[in-house]
1. Using the C-alpha gyration tensor of region 236-276, what are the square roots of 5 times its eigenvalues, in whole angstrom, with the largest one first?
2. For the chain, with every protein chain kept in place, what is the accessible area per residue (1.4 Å probe, Å²)?
3. With springs only between Cα atoms under 10 Å, which of Met53, Met312, Met162 fluctuates most in a Gaussian network model of the chain?
4. Hey, could you get me the Stokes-Einstein D for region 176-300, Kirkwood radius over alpha-carbon pairs, 20 °C and 1.002 mPa s, rounded to whole µm² s⁻¹?
5. I'd like the distance separating the alpha-carbon centroids of region 55-104 and region 194-252, in whole Å.
6. Using DSSP H assignments, which helices in the chain have an axial alpha-carbon span of 20 Å or above and a mean Kyte-Doolittle hydropathy of 0.0 or higher?
7. How compact and how long is region 2-66, expressed as Rg and Dmax of its alpha-carbon atoms in Å?
8. With a Cα-only, solvent-free Debye model of region 34-189, what are the log10 I(q)/I(0) values at q = 0.13 Å⁻¹?
Amino acid sequence: MSNFVAINAKIDAMYSKLLSHEDFEPLISTNSFKDTVEFLRSKELFKDLNFGMNINEAESALDTFLYKQLKRLIFYLSGPYRDFLNEYIRVKEYNDLKKALRFLVRDKNKETYEFSLNGKTFDIADMDLKTFVEKCKNSIYYRTLRTYIDEPSDQILFYMEMNLDKLYYTRIIECVKSFSKENKEEFTEIFGRKIDIANIIWIYRGSVNYKLLDEELINFIIFGGKYLNFQTLRELSHLDNIKGFKSILSNTPYDFLFNENGETIANVSVSANRLCYDFACKEFRKTHNNFGHLLSFIVVLEAQLRDIKIFMEAQRLDIGKGKVSDYLVNVRK
């Protein structure tokens, strides 16, 4: 008997409440934030969600919604599987931290900015970056942030975000090491693609946009991917011509992310997310007896919430119905 019968039954019940493919047509046709919220509230999954009064509040509400949905599942798990999900749902904390860093480095344009960590909330609007980092002293993030506090201002955000991602996946993979053989393989199949793509995009940005040294790029590599081993990632890190990205990745599912000149295609992150989403949808239907059911559900749920945010942002920017499909994971033209 599978140890995941109860949680997978719960996941199936949650999955049945997700928006259907048919729901996206009326959703994409809504003309205002208010219309979008009214439509979403007509659906079982979102009927009790307070979206707030504007897009920023709605995005925050959706992030909290994801956290709460996954947190509900922790009590069905034990051992390394519970540890994994506890680490995974830290994603909201990581993302909130990244938003705070961007605010401090790029656009301190608010009179107040409340940030919460370790159960404490404080206003960071008048802080400089060093003061903020010291506020994180008793957290798992402090060493990562402190290491790069003296980097040039045009690179510091890149270094911090890159290493926060590495910290996030490193802690997750430590949990995965104690999974059963079958569930380790499921993690590699489903999340390994996400790790591969994170490595590709970070290496590309680091080498092309920030001109980082080869060994610097190698230090940022996240281990645990599906198709890209250390040697392949090392080759990507040592490229002196971006055309090499297409060549090195030619025998992987990721070569389509680059054109023949080695440049990333338009909306590369969306295309990468679609690849992960499509695989997760297929895997979800095959994994009723193992932990892969939860892993694939996470990818599907995240994609759906991301698309909802895109609908709202498209209305704010007045992007037409035809164009918005280019930015969606679940919907294609």
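The values are calculated or read from the model by the stated rules, or taken from the named source; none is laboratory data. None of the values given here were measured: they were computed from a predicted structure. Cβ sites come from the backbone with ideal geometry, for glycine too, and all protein chains shown count toward neighbours. Side chains included, ligands, DNA and RNA excluded: accessible areas come from the protein's heavy atoms. Shrake-Rupley method; radii C 1.70, N 1.55, O 1.52, S 1.80 Å.
1. After scaling each eigenvalue by five and taking roots: 18, 11, 8 Å.
2. 50 Å²
3. Its mean-square fluctuation being the largest, the pick is Met53.
4. Result for D is 141 µm²/s.
5. After rounding, the separation between the Cα centres reads 27 Å.
6. 156-176, 268-284, 292-316
7. 14.2, 46
8. For region 34-189, the Cα-only Debye profile gives -0.78.
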